[in-house]
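Heads up: the structure comes next, in structure tokens.
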Amino acid sequence: MAQIPNLQNGPINFTPLRDQSQKELLTILKNIRGKKCLVIDPKLGGSLSLIVQTSLLKEHGAELHHLNADPIETTCSKVVYLVQTQLHLMKFISSHIHNDTSKGLQREYFVYFVPRRAVACEKLLEDEKVHNLLTIGEFPLYVLPLDEDVLSFELDLSYKECLTDGDTTSLWHIAKAIHKLEFSFGLIPNVRAKGKASVRVADMLNRMQAEEPVNSTDMGVPEINTLIILDRELDMVTPMCSQLTYEGLMDEFLHINNGAVEIDASIMGANQQDGKKMKVPLNSTDKLFRETRDLNFEVVVQVLRQKATSMKQDYTEMTTTNQTVSELKDFVKKLNSLPEMTRHINLAQHLSTLTSKPSFLGRLDMEHTIVEAESYDICFEYIEEMIHKQEPFVNVLRLLILLSVTNAGLPKRNFDYLRREILHSYGFEHIATLNNLEKAGLVKKQEGKSNWLMIKRALQLVVEDTDTTNPKDVSYVFSGYAPLSIRLIQHAIRSGWRPLEEILKLLPGTHTESKRSAFAKSPSFDILPGGLRMDKVEDGRRALVLVVFIGGVTFAEISALRFLSSQEGMAYDIIIGTTKIINGNTLIETFMEKLG
């Protein structure tokens, strides 16, 4: 099964975006004649696999290598590096060139930065005395379609860079990515932003439109009616909770990377015992996954059971009665879905084992207690015990962040005590991580009164007796907690920010709501109730809302947005843009740093 997803059945067809990126990459290779060694930044490997098949790169004369510190072993006289703008990668490139020079090897070197070149990187190449040996270019990959309704800007570190390092370069990239989308799908008439970073991106977008305008009159009705931009910082509760949808759980335990998981072949029913890994693609091309990915995991097990039972019945009928040719044909058609069935039964069985462990259930229970904000002492003692038992450091940090965020920090006494215990238990080299988290405001000393209870009540974030089988509300994705981010989006789409003013003031950062200048005088592009109407695109499709998360989005939130979009009476489809798909662990890992 191909890892490259089919993008044609989504609310908007992203295929042209992917084709454009593929064409740009192949043009780079075509322009460097003959055989070449293509050395890829390991972080980009997964992204490229969603744009172009390896076989196509090889057809264009590329011999593939991953970039690391080891010298390149190749007979090619041309070496092409495809890299993100990270300084440590420049050191690898420099050492490769020095190594070749010391052996008297004559080669041509090319460096293509993704998505654009950076002064700091080129400065380092100059300091290493290799800049003059390089031909430098750019591969402008700003937007990567992960699936038919999800786009990634592939900026893993943007949240940490903005909050801890004060580096806002990624915000320019996000604005550039959205502006690039507008060239394909038309100028977006309505923009709503909440959070410091989001408001800046909205401003940059207007500046880019002034400098390099998308012509709104040529394009007819814009395909995307409204853009909603949110900072991850507004809602750090959601990513710290364990996701309970099928895809969310799979990401929590197996880590989905660019639409695939890598797991032991033995889990997938293979007979190998040698720990061989196997890549399993997960995207909407797989019909069964498309049907189950957004369901609460409890329900997925039931769905798979029903499907297996019905297949068994069909088989029994086949073997015990005389079938007509068309009945045989139907049965064979059903058999075609057998590999998908087997794949998901194996995955679900593996997840069931992991989710029934007492450690997971205990943590889930504690998350709910913290979100309810009822008993601070019980939560504090639970985290203290985790530290003393030396449970995985990242698990401790997840609950600690959750406790700190919902309480506007920890009382100074508790803060100092837990910090000391963590360093004793896990090692003093983790002080850098704790400092990063404090700087980002994720684990800090309490300064004022927490407004979490007020926000929780006003937005109905905790929903009693959530029906996970036939959900009526987005809270099914966490079995009873409705993500704060999604509640904000529900309101933003339904009635804009105005009715929410008081709540928005309790959350970090400013908020803006604007109509782009080209549409300022045209009421027909207004959005939703209160006398405003949502325009359908000409061919009868529903209008589109693009929701962008700065700092990452979880699979559970994506599922909640798909659920919203599928509700009766909902006037629009939703597509999602994000700096990266994250879960609590992967987000915390960007802050982790060891001294020395």
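The values are calculated or read from the model by the stated rules, or taken from the named source; none is laboratory data. It should be emphasised that the depicted structure is a prediction, and the values quoted were computed from it without experimental measurement. Every residue, glycine among them, receives a Cβ derived from its backbone with ideal geometry; neighbour counts consider all protein chains shown. These area figures cover heavy atoms from the full protein model, side chains too; ligands, DNA and RNA do not enter into them. Shrake-Rupley method; radii C 1.70, N 1.55, O 1.52, S 1.80 Å.
Looking only at residues of the range 276-315 that are basic (Lys, Arg) and farther than 25 Å from Ile4 by Cβ, we find that the one that is modelled with the highest pLDDT is Arg305.
On the stretch given as the range 463-507, residues that are assigned to a loop (DSSP other than H, G, I, E, B) and either β-branched (Val, Ile, Thr) or open to solvent by less than 50 Å² (accessible area, probe 1.4 Å) (or both) total 13. Against the condition over 18 Å from Leu230 (Cβ atoms) and not in a helix (DSSP H, G or I), how does Phe591 come out, does it pass? Yes, satisfied.
Of everything in the range 449-462 that is touching a residue at least 12 places away in the same chain (Cβ under 8 Å) and in a helix (DSSP H, G or I), the residue that is nearest to Gln302 (Cα to Cα) is Lys456.
Among the listed residues Ile576, Ile588, identify the single one that is open to solvent by less than 10 Å² (accessible area, probe 1.4 Å) and touching a strand residue (DSSP E or B) at 6+ places or on another chain (Cβ under 6 Å). First the steps, then the outcome.
On the way: Ile588 fails: touching a strand residue (DSSP E or B) at 6+ places or on another chain (Cβ under 6 Å).
Every option except Ile576 fails the conditions.
If the condition is being among the polar types (S, T, N, Q) and at pLDDT 95 or above, then the range 461-478 contributes only Ser475. For the range 308-316, state whether one or more residues are open to solvent by less than 80 Å² (accessible area, probe 1.4 Å), among the basic types (Lys, Arg) and assigned to a helix (DSSP H, G or I). No, the conditions are met nowhere in the range 308-316.
The criterion of being farther than 18 Å from Asn436 by Cβ and in contact (Cβ under 8 Å) with a residue 60 or more places away in the chain does not hold for Ser566. Which one of these is within 18 Å of Asn451 (Cα to Cα) and in contact with a helix residue (DSSP H, G or I) (Cβ under 7 Å, 6 or more places away or on another chain): Leu410, Leu399, Leu423, Leu434? Sole residue among the options that is within 18 Å of Asn451 (Cα to Cα) and in contact with a helix residue (DSSP H, G or I) (Cβ under 7 Å, 6 or more places away or on another chain): Leu410.
If only residues of the range 257-294 that are aliphatic (A, V, I, L, M) and in a strand (DSSP E or B) are counted, the one that is farthest from Tyr476 (Cα to Cα) is Met278.
Within the range 1-12, not a single residue is open to solvent by less than 70 Å² (accessible area, probe 1.4 Å) and free of Cβ contacts under 8 Å to residues at least 12 places away in the same chain. Checked against (1) without any contact (Cβ under 8 Å) to a residue 60 or more places away in the chain; (2) farther than 15 Å from Trp172 by Cβ, Glu211 meets all criteria but (2). For the range 536-584, taking the residues that are polar (S, T, N, Q) and within 19 Å of Thr292 (Cα to Cα), the one that is modelled with the lowest pLDDT is identified as Gln567.
Being among the acidic types (Asp, Glu) and more than 23 Å from Glu223 (Cα to Cα) is the filter here, so list the residues in the range 136-179 that pass it.
Restricting attention to the range 136-179, the residues satisfying the condition of being among the acidic types (Asp, Glu) are 138, 147-149, 154, 156, 161, 165, 167.
Hits for the range 136-179 are Glu138, Glu154, Asp156, Glu161, Asp165, Asp167.
Would you say Leu141 is in contact with a Gly (Cβ under 9 Å, 6 or more places away or on another chain) and either closer than 30 Å to Leu488 by Cα or open to solvent by less than 30 Å² (accessible area, probe 1.4 Å) (or both)?
Values: in contact with a Gly (Cβ under 9 Å, 6 or more places away or on another chain): no; either closer than 30 Å to Leu488 by Cα or open to solvent by less than 30 Å² (accessible area, probe 1.4 Å) (or both): yes.
Against the criterion (in contact with a Gly (Cβ under 9 Å, 6 or more places away or on another chain) and either closer than 30 Å to Leu488 by Cα or open to solvent by less than 30 Å² (accessible area, probe 1.4 Å) (or both)), Leu141 does not qualify.
Selection of the range 247-281 for residues being acidic (Asp, Glu) and more than 16 Å from the chain's Cα centre (by Cα) yields Glu262, Asp264, Asp274.
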